[in-house]
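K.L.:
Let me give you the structure first, and then I'll get to my questions.
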Amino acid sequence: MTIQVKKDAEPIEIEADAYLPTEYGNFRVRVTLDSEGKEHALLYTGDISNGNAPLVRIHSECLTGDAFGSMKCDCGPQLQSAMKKIQEEGCGAIAYLRQEGRGIGLHSKIQAYALQDVGYDTLDANLALGLPADAREYDIAAKMLKEAGVERVRLMTNNPLKVKGLRDNGIEIDSRLEHISGISTENLDYLSTKGKRMGHILDI
């Protein structure tokens, strides 16, 4: 990251890692670029590089849920719950990945929403568009954690693919912690599809 201190001054190279106060508590945030130039963020607090297994959430970007408060999914409440739990523990991290719509992008995700409006479930909507059910990759999450000095984690997830994705990229999983929140009448079918057809571990 390069900033200008004053007019005609020499630019200063600084790491993209800064203090971030939030309504849930104080974090730091750092940015990692992947091979395609996408910017992913690691939100963290405490000494996550102390050799213990910090509390970690791998969270894929969801504009509709995270920013707009959509009740079609559970993404926003999952993110908020992870931030609260990490602050309560005093140490942990969220790898926020720019993989909107399970990796298909915002435009395709809203197209899939349109199909869901007429009766498709979240899986069949993607397939009807000629898209994968889940196109996410987790090598960048492992890279972000390693850059921050994390080799072992306690992972907050209901998705076994996240466990596998981190393990395949050199991160040890001490334990998987159930992470269920934001259940509503609007997203019960969505969650049921994830559990019955996509392998998520959901006791709802």
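All of the numbers you see were taken from the coordinates with simple rules; none came from a lab. A quick note: this is a predicted structure, and the numbers were derived from the prediction, not measured. Backbone-built Cβ (ideal geometry, glycine too); neighbour counts: all protein chains shown.
K.L.:
How much mean residue ellipticity at 222 nm does the chain get from its helices, if each DSSP H run of length 4 or more adds -39500 (n - 2.57) and you divide by all residues, to the nearest 500 deg cm²/dmol? Kindly include the intermediate steps, with their values, before the conclusion.
P.N.:
Working: 7 runs with 66 residues, N = 204.
About -9500 deg cm²/dmol.
K.L.:
Can I ask one more? What is the set of long-range amide H partners of Leu20 at a cut-off below 5 Å, with H atoms built 1.01 Å from backbone N?
P.N.:
Sorted by chain and number, the residues that satisfy this are Phe27, Arg28, Val29.
K.L.:
Compute the signed sum of charges (Lys and Arg +1, Asp and Glu -1) over the other residues within less than 12 Å, Cβ to Cβ, of Glu100.
P.N.:
On the way: positive: Lys38, Arg98, Arg102, Lys109, Arg136; negative: Glu61, Asp66.
With Lys, Arg at +1 and Asp, Glu at -1, the net is +3.
K.L.:
What percent do you get for the relative contact order of the chain when only Cα pairs under 8 Å and 6+ apart count?
P.N.:
On the way: 342 pairs, mean separation 41.8, N = 204.
Across the chain, relative contact order equals 20 percent.
K.L.:
Then there is this: Please arrange Val29, Val163 by counting, for each residue, the other beta carbons lying within 10 Å of its beta carbon, fewest first. Mind showing how you got there, number by number?
P.N.:
On the way: Val29 16, Val163 19.
Neighbour counts put them in this order, fewest first: Val29, Val163.
K.L.:
Would you kindly work out the equivalent ellipsoid of the chain from its C-alpha gyration tensor and give its semi-axes, the square roots of five times the eigenvalues, largest first in whole Å? Each step should come with its number before you reach the end.
P.N.:
Numbers: eigenvalues 182, 87, 53 Å².
For the chain, the semi-axes come out at 30, 21, 16 Å.
K.L.:
A further question follows. Considering only DSSP states other than H, G, I, E and B, which GluC sites (Glu not before Pro) in region 22-97 qualify as loop sites with at most 12 other Cβ atoms within 10 Å? Working shown, then result.
P.N.:
Numbers: sites: Glu23, Glu36, Glu39, Glu61, Glu88, Glu89; in loops: Glu23, Glu36, Glu61.
In loop regions of region 22-97 (DSSP not H, G, I, E or B), the sparsely surrounded GluC sites (Glu not before Pro) are Glu23, Glu36.
K.L.:
I would also like to ask the following. Of the GluC sites (Glu not before Pro) in region 110-204, which ones lie in a loop per DSSP and count no more than 16 other C-beta atoms within 10 Å? Could you put the intermediate results ahead of the total?
P.N.:
Details: sites: Glu137, Glu147, Glu151, Glu172, Glu178, Glu186; in loops: Glu137, Glu151, Glu178, Glu186.
Loop-located and lightly packed - Glu137, Glu151, Glu178, Glu186.
K.L.:
Please list, or write none, the lysines whose alpha carbon is within less than 28 Å of the alpha carbon of Lys196, excluding same-chain residues fewer than 8 places away.
P.N.:
Lys72, Lys85, Lys109, Lys162, Lys164
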